[in-house]
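Colleague: Just passing along the structure, written as structure tokens.
The values are calculated or read from the model by the stated rules, or taken from the named source; none is laboratory data. Everything quoted here is computed from the prediction, not taken from an experiment. Using ideal geometry, Cβ is built from the backbone for each residue, glycine included, and neighbour counts are taken over all protein chains shown.
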Amino acid sequence: MPLLQCQQLNVRIAGQSVCEQLDLSIEPGQCWALLGRNGVGKTTLLHSLAGLRPIHAGNILLQGRSLATWPKRERARALGVLFQERSSAFPSRVLETALIGRHPHLGPWQAESSADLAIARRALSAMELSDLETRLSDTLSGGEQQRLALAAVLTQDPALLLLDEPVNHLDLHHQIQVLTLLQASAGAGKAVVMSLHDVNLATRFCSHVLLLHGGGDYECGDASTILNSATLTRAYGHPIRQISHDGQRSFLPL
Amino acid sequence: MHLSDTAAAPGRRRKPHLLILGGIAVASLLLALSIGSLHVPLPQLWAAIHGAGIEPYRSVVLELRLPRAVAAFTVGAMLSLAGALMQVLLRNPLADPYVLGISGGAATGALTTIAVGLSGAWIGGAAFGGALLSMMLVFGVAHGSGSWTPTRLLLTGVVIAAGWGALISFILVMSTSRDLPGMLFWLMGDLSGARQWLPQLVLLGVALGLCLPRARDFNLLARGELQAAALGVPVNGLRTMIYIIASLLTAGAVTVAGSIGFVGLVVPHMIRLTLGTDHRLLLPAATLAGGSLLVLADTLARSAFAPTQLPVGVLTALLGVPLFLYLLRRNR
């Protein structure tokens, strides 16, 4: 059964169409890149897929069941979101921030158990943040805060990860490290949908691509077929050339 | 330092902190019963509480000081809890129980009744009515179109509070010199007439009972509506609940004691600076600390310059400002 399905989905924002009649099926094991120009609606679409904003028409099914009918806490155990923008009204510690991912797994009076702590510490360790556990999150660098937000989603441990620019602010090492980890978690039976700006990272790490052209037009499918110089040139409105080196494809903006 | 302990094991360190604050609360209440124009020694205090005291200690403790001390504790606790709730609702550290105009509505009601020559229960009733009117006005205007972001709610509240402020100035200017002292005491916050506390205590209990099971939801709401919604928090319902509870707490507090400043703004921050931002600890801790601070401030207000009684609002600021600055400095 697909983790997430879109049937004839229309999403609009401020009178602009993000996608028209989008049919999409996301299976466990798949890693999707969401690509397109600035302002084409990647974030809007991710929020719609997460059930955080109303859709214009069509259906979204999470594990075969209409997204809108999921109880909120249960939905948060099945689906996790990484936001592009974060702002906390009050500073909190790194470990506390990672632990917010356990919220949907806990009852109202239930405190985090040592098992929950272990899950959060594993996620922090995977994001190379173990040494910063007791730091206030507003003293972290931009890249560290990004990895902390990723650690919170990993602590949430949902089957479907919807990530808005997960490699934002990350240095080269951490870009590759994070994407390798996400690819591996897809390999372990989860599914990942992430908006990216680097076409070459999408080529290297994603099995599937959803390319938004603007005005509701889109292309989706296997990364190998969707990603080529013609589709990318059209999507970005900029000439892009494909080059091959040692069997690895790369795209170069001219 | 203990800050890192709370972070290292969330949930493990709550009870000792609350026990200490509970101890401070009891100590502040005992102090309030003992200190005053008539000093009540500890043995007599103990006997009076157990109903076996001798006069005049018994009646001073049980009939004069106890109701006022309990009222002070309840009002301080309500304001402090309401402040913590407003700060998370508006996601703004500068928010306090009065920022959305509740106290302005209450003051307009109270001052109007004083101006027309009514007194006693009329003042409290009019204050509560004014607070409720302001609460519904802000909610109706801010919520009107269906979307109520913290900014929209804050702006609506601030504008309506400014409107009340103009009305209050108008009433003050037009009133006679006979009414002015009473009006000013009301505006600065004053517990000398405070005898009513049972309805307030019940309201406080209900508020805590509703908020504590949702304290972890509040932690997420402070991180933003979208983040909270993505983690399964019913954001709209929760925000409406917080607004209503915080408003009723504020309305209940100003009805008893006028608009006592400072407690609702600063006590939640004091707790955040010392014990962290987890609302599971913050809400009960701020409740206990706010109550204790107001009991101590009121005891000082009535005994420091006796027989002159100061408005307690002056004392809350005098006690709180240096304490808060010290905590701010220590945490830098």
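Colleague: Find the residue count for the range A:77-96, including only residues that are surrounded by 22 or more Cβ atoms within 10 Å (Cβ to Cβ) and either aliphatic (A, V, I, L, M) or more than 8 Å from chain B (Cβ to nearest Cβ) (or both).
Modeller: 5
Colleague: If B:TRP164 meets every condition in (1) at pLDDT 85 or above; (2) over 30 Å from B:VAL235 (Cβ atoms) apart from one, which number is that one?
Modeller: Result: B:TRP164 fails condition (2) only.
Colleague: Right, here's the next one. Output the residues belonging to the range A:215-254 that are in a strand (DSSP E or B) and either crowded, with 18+ Cβ neighbours inside 10 Å or charged (D, E, K, R) (or both).
Modeller: Selection gives A:ASP217, A:TYR218, A:GLU219, A:CYS220, A:ASP222, A:ILE240, A:ARG241, A:ARG249, A:PHE251.
Per-residue answers, yes or no, for (1) away from chain A (no Cβ under 14 Å); (2) more than 30 Å from B:THR299 (Cβ to Cβ):
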{"site": "B:ALA166", "(1), (2)": "yes, yes"}
{"site": "B:ARG195", "(1), (2)": "yes, no"}
{"site": "B:ALA207", "(1), (2)": "yes, no"}
{"site": "B:ARG239", "(1), (2)": "no, yes"}
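Colleague: Here's a follow-up. With the structure loaded, tell me whether B:ALA77 is more than 24 Å from B:LEU296 (Cβ to Cβ) and of a type outside the set (Phe, Trp, Tyr) or whether it fails that test.
Modeller: no
Colleague: Something else now. Can you pull out the residues in the range B:242-269 that are within 18 Å of A:PRO91 (Cα to Cα) and either crowded, with 24+ Cβ neighbours inside 10 Å or away from chain A (no Cβ under 13 Å) (or both)?
Modeller: Matches in the range B:242-269: B:LEU265, B:VAL266, B:VAL267, B:PRO268.
Colleague: Let me ask something additional. For the range A:171-195, how many residues are part of a strand (DSSP E or B) and either surrounded by fewer than 18 Cβ atoms within 10 Å (Cβ to Cβ) or touching a helix residue (DSSP H, G or I) at 6+ places or on another chain (Cβ under 8 Å) (or both)?
Modeller: Selection size over the range A:171-195: 4.
Colleague: Looking only at the range A:95-114, how many residues end up being free of Cβ contacts under 8 Å to residues at least 24 places away in the same chain, closer than 16 Å to A:ARG77 by Cα and either touching a helix residue (DSSP H, G or I) at 6+ places or on another chain (Cβ under 6 Å) or not in a loop (DSSP other than H, G, I, E, B) (or both)?
Modeller: 2
Colleague: Based on this model, can you work out whether B:GLY163 counts as closer than 15 Å to B:SER134 by Cβ, over 21 Å from the mean Cα position of the chain (by Cα) and of a type outside the set (Lys, Arg)?
Modeller: Against the criterion (closer than 15 Å to B:SER134 by Cβ, over 21 Å from the mean Cα position of the chain (by Cα) and of a type outside the set (Lys, Arg)), B:GLY163 qualifies.
Colleague: So which residues in the range A:123-137 are without any contact (Cβ under 8 Å) to a residue 40 or more places away in the chain and surrounded by fewer than 16 Cβ atoms within 10 Å (Cβ to Cβ)?
Modeller: Residues satisfying the conditions are A:SER125, A:SER130, A:ASP131.
Colleague: Right, next: Scan the range A:51-60 and tell me whether some residue there is under 28 Å from A:LEU136 (Cβ atoms) and facing another protein chain (nearest Cβ under 10 Å).
Modeller: Yes, the range A:51-60 contains at least one residue that is under 28 Å from A:LEU136 (Cβ atoms) and facing another protein chain (nearest Cβ under 10 Å).
Colleague: Taking the range B:215-247 as the region of interest, how many residues are of a type outside the set (Gly, Ala, Ser), touching a Ser or Thr at 6+ places or on another chain (Cβ under 9 Å) and under 21 Å from A:ALA111 (Cβ atoms)?
Modeller: Of the residues in that region, 3 qualify.
Colleague: Separate question: Restricting to the range B:301-319, count the residues that are at pLDDT below 80 and in a helix (DSSP H, G or I).
Modeller: Count: 0.
Colleague: Going through the range B:275-313 one residue at a time, which ones are within 14 Å of chain A (Cβ to nearest Cβ), within 18 Å of the chain's Cα centre (by Cα) and among the hydrophobic types (A, V, I, L, M, F, W, C)?
Modeller: Passing the criteria: B:LEU281, B:LEU282, B:LEU283, B:ALA286.
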